[in-house]
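Participant: Sharing a structure here in structure tokens format.
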Amino acid sequence: MNKRKNEESLCPLCGGKKKPGKVTYTVESESGLLIVREVPAAVCSQCGEEWIDADTAKSLEKLANEAHKRKVQFEVVTL
Ligand SMILES: [Zn+2]
């Protein structure tokens with residue numbers, strides 16, 4: 001059990017509580033659209049705003065680059 005205080009802090013937008021959850025992320029590239037499911041994120045229980053950490057953002061970027069190289073126009077993947 002590691003304590004991840006940041007994810008349990010308050011939402012800077014509305015002051016609601018952030019909770020760890022999974023979100024669906026849409027990445028747009030020059031060639032098309034990539035939908036990434038099951039992305040771990042902190043989600044505000046009040047306004048629904050989502051935050052992903054730097055590692056997750058890097059993974060998404062990598063997926064988007066690969067999709068772009070393969071000239072994917074539309075794809076749904078799970079992280
Ligand atoms: Zn909020």
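Participant: Restricting to the stretch 27-50, what's the tally of residues that are closer than 30 Å to Lys71 by Cβ, of a type in the set (Gly, Ala, Ser) and assigned to a loop (DSSP other than H, G, I, E, B)?
Facilitator: Result for the stretch 27-50: 3.
Participant: Same structure again: Within the stretch 10-27, track down each residue that is in contact with a strand residue (DSSP E or B) (Cβ under 8 Å, 6 or more places away or on another chain) and open to solvent by 30 Å² or more (accessible area, probe 1.4 Å).
Facilitator: Once the filter is applied, which keeps residues that are in contact with a strand residue (DSSP E or B) (Cβ under 8 Å, 6 or more places away or on another chain) and open to solvent by 30 Å² or more (accessible area, probe 1.4 Å), the stretch 10-27 yields Leu10, Leu13, Cys14, Lys17, Lys19, Pro20, Lys22, Thr24, Tyr25, Thr26.
Participant: Are there any pairs with C-beta distances below 6 angstrom linking a residue in the stretch 15-28 that is at positive phi to a residue that is open to solvent by less than 80 Å² (accessible area, probe 1.4 Å) and in a strand (DSSP E or B), with the two at least 6 apart or on different chains, and if so which?
Facilitator: Cβ pairs passing all conditions: none.
Participant: Please determine, by comparing only the residues of the stretch 30-79 that are within 16 Å of the ligand (Cβ to nearest atom) and free of Cβ contacts under 8 Å to residues at least 24 places away in the same chain, which one is surrounded by the fewest Cβ atoms within 10 Å (Cβ to Cβ).
Facilitator: Filtering the stretch 30-79 for residues that are within 16 Å of the ligand (Cβ to nearest atom) and free of Cβ contacts under 8 Å to residues at least 24 places away in the same chain, the one surrounded by the fewest Cβ atoms within 10 Å (Cβ to Cβ) comes out as Gly48.
Participant: Moving to a separate point now. Of the conditions (1) farther than 30 Å from Ala67 by Cβ; (2) modelled with pLDDT of 95 or more, Thr24 satisfies every one except a single condition; which number is it?
Facilitator: Status for Thr24: all satisfied but (1).
The values are calculated or read from the model by the stated rules, or taken from the named source; none is laboratory data. This one's a predicted model, so the numbers in the text were calculated from it and none came from an experiment. Don't worry about glycine lacking a Cβ; one is built from the backbone with ideal geometry, like all the others, and counts go over all protein chains shown. Side chains included, ligands, DNA and RNA excluded: accessible areas come from the protein's heavy atoms. Shrake-Rupley method; radii C 1.70, N 1.55, O 1.52, S 1.80 Å.
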